[in-house]
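Below is one structure, written out as structure tokens; the observations come after it.
What follows draws every value from the coordinates through simple rules; no lab data is involved. As the structure is a computational prediction, the values presented were derived from the model and not from experiment. Because the Cβ atoms are built from the backbone with ideal geometry, glycine has one as well, and the counts that use them run over all protein chains shown.
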Amino acid sequence: MQATTHSDLGLDPSQQASPANAPSVPDLAADLYALIVFLHKNCNADLFEAVGALELTLTQIKLLHHLEDQARELTLKEAADLVLISLPAASRTVDDLVRRGFVERHEDAEDRRMKRVTLTDPGRAVIRRLNAARLNGLEQFTQTLTDSERRKLSGALSKLLERDDVAACRPEGPTT
């Protein structure tokens with residue numbers, strides 16, 4: 001992957017960083033942190049409303065997202081490990097999600113002691129609803145940017161979106 005320069009981002013050449021004065025990792029991380037905190041504080045009203053309406057815990061939301069990312073059913077133990085909770089806590093979390101129809105749980109075909117969990121279509125709909133709420137907040141933020149700020153942000157993001165791991169997180173379908 002080619003290195004990104006300030007001129008690639010639409011910045012004035014006098015603002016270009018040479019390797020000697022490039023931002024340090026801690027400084028860049030602090031700047032990114034400031035942006036993320038700002039976005040979390042100012043762009044999540046719709047997300048918080050959706051989470052409240054769905055009455056989901058953060059652990060349940062994490063589990064739903066992890067299940068969505070899996071190409072196969074997970075054992076209950078694997079699910080617990082992914083969201084960093086105990087097996088009994090995972091069992092209670094899954095019980096509530098099963099009761100609400102967001103996941104399915106069944107015995108493993110080869111080892112009946114193991115339980116497997118998978119996301120259902122209503123569970124996928126919950127994730128889509130939460131993601132739409134996140135995206136709505138970000139769209140509101142981008143509306144506050146000047147044309148110049150939007151161009152610069154778009155240029156920076158286009159370089160980062162060349163990374164497959166970052167691009168994989170982009171929402172599918174039209175965003176308007």
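With only alpha-carbon pairs counted, each pair once and no self-pairs, how large is the Kirkwood hydrodynamic radius of the chain in angstroms?
Mean inverse Cα-Cα distance, inverted, gives 19.2 Å.
Rounded to the nearest 0.05, what FRET efficiency is calculated for L84 and S24 with R0 set to 30 Å and r the Cβ-Cβ distance?
0.50
Assuming 0.36 nm per residue, please report the length gained on full extension of the stretch L54 to D31 beyond their Cα-Cα distance.
Full-extension gain reported as 5.0 nm.
Magnitude of the Cβ-charge dipole of the chain, K/R +1 and D/E -1, about the Cα centre, nearest 20 debye?
320
Would you list, by chain and number, the lysines whose Cα falls below 17 Å from the Cα of K62, excluding same-chain residues fewer than 8 positions away?
Within the straight-line cut-off, K62 pairs with K77.
Want the number for D69 to E104: 0.36 nm per residue separation, take away the alpha-carbon distance, what's left?
11.0 nm
Among 144-157, 89-102, how do they line up by average Cβ neighbours within 10 Å per residue, starting with the highest?
The peptides rank, most packed first, as 89-102, 144-157.
Using Cα pairs under 8 angstrom and six or more residues apart, how large is the relative contact order of the chain, in percent?
The value is 25 percent.
What whole-number distance in Å separates the alpha-carbon centres of the stretch 50-72 and the stretch 103-176?
The two parts, judged by their Cα centres, are 12 Å apart.
If a/c stays under 1.5 just call it rounded; otherwise compare a/b with b/c (prolate if a/b is bigger, oblate if not). Do that for the stretch 56-119, with a ≥ b ≥ c from the square roots of the Cα gyration tensor eigenvalues.
Note, shape of the stretch 56-119 comes out rounded.
Which of the lysines could a cross-linker span from K159 if the Cα-Cα distance has to be under 27 Å and same-chain partners fewer than 8 positions apart are dropped?
K41
Starting from 0.36 nm per residue, how many nanometres of slack lie between L161 and D96 once their C-alpha separation is accounted for?
19.8 nm
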